[in-house]
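Student: Okay, handing you the structure first.
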Amino acid sequence: MISGKDLEGWITAPDPLAAMKKAQNQTLHRERRERIATAVLTGMLANQNVDPWRDKIAVDAVFHADALIAELDKPKKVQP
């Protein structure tokens, strides 16, 4: 039987399942970011105080979406 110790120094092939899961997680992250940024942009455009024609309004929406995602992904604190 071959153990992990016997394989030290050998180049092993990457795990295709792990690569597929990583690619899927990246896609899910991009889609989540896009959905949240779209919702933020919609809210910004609905606000009468925001000029919809100003430069980089989409960049601002993505910035706010990233901030929201960071806040949502923080570990939950358990109240005693």
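The values are calculated or read from the model by the stated rules, or taken from the named source; none is laboratory data. Because the structure is predicted, anything quoted here is derived from the model rather than measured. As a convention, Cβ positions derive from the backbone with ideal geometry for all residues, glycine included, and neighbour counts pool all protein chains shown. These accessible areas exclude ligands, DNA and RNA; they are computed on the full protein's heavy atoms, side chains included. Shrake-Rupley method; radii C 1.70, N 1.55, O 1.52, S 1.80 Å.
Student: Take residue 16 and decide whether it is at pLDDT below 90, under 16 Å from the mean Cα position of the chain (by Cα), of a type outside the set (Gly, Ala, Ser) and open to solvent by 90 Å² or more (accessible area, probe 1.4 Å).
Tutor: It is false that residue 16 is at pLDDT below 90, under 16 Å from the mean Cα position of the chain (by Cα), of a type outside the set (Gly, Ala, Ser) and open to solvent by 90 Å² or more (accessible area, probe 1.4 Å).
Student: Which of the residues that make up the range 52-63 are surrounded by 10 or more Cβ atoms within 10 Å (Cβ to Cβ) and part of a loop (DSSP other than H, G, I, E, B)?
Tutor: Within the range 52-63, just 52 meets the criteria.
Student: OK, next. For the range 38-80, name all the residues that are touching a helix residue (DSSP H, G or I) at 6+ places or on another chain (Cβ under 7 Å) and of a type in the set (A, V, I, L, M).
Tutor: 40, 41, 44, 50, 57, 58, 61, 62, 65, 68, 69
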